[in-house]
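The values are calculated or read from the model by the stated rules, or taken from the named source; none is laboratory data. Source: prediction; values computed, not measured. Cβ: placed from backbone, ideal geometry, glycine included. Neighbour counts: every protein chain shown.
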Amino acid sequence: MWSLRVVDFARSGPVPGFQGDTLQLAFIDLRQLLDLFIQWDWSTYLADYGQPNCKYLRVNPMTALALLDKMKDTSRKNNVFAQFRKNERDKQKLIDTVAKQLRSLINSMSHQH
């Protein structure tokens, strides 16, 4: 919902200092990143990455990994007893798995260049 309002703002009219669609493009990057995390659509992201028409074309894997790492650090610091609850352990395992896949993707990209 927030991201829709931001996109509407970007479309609403010219903003001093921005040329053409520059502002809209900046918000598209953010919107795709938010959608990926809100929908937790990692299987689509990882399967489609690098394809010209992928759903999350503007999401950089390094940015996604940095955000995932922050989530991991925050949840560990905020909840000392999380390791004892199965839901929290499962959530951490899922975050760790996605982070590992993103690192692998980033490493394969760096070897291609």
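Scanning region 35-44 for residues that are of a type in the set (A, V, I, L, M) and surrounded by 15 or more Cβ atoms within 10 Å (Cβ to Cβ) gives a single hit, L36. Taken residue by residue, region 54-69 has no member that is modelled with pLDDT under 80 and surrounded by fewer than 15 Cβ atoms within 10 Å (Cβ to Cβ). Total residues in region 10-47 satisfying the condition of being modelled with pLDDT under 70 and in contact with a helix residue (DSSP H, G or I) (Cβ under 8 Å, 6 or more places away or on another chain): the figure is 3.
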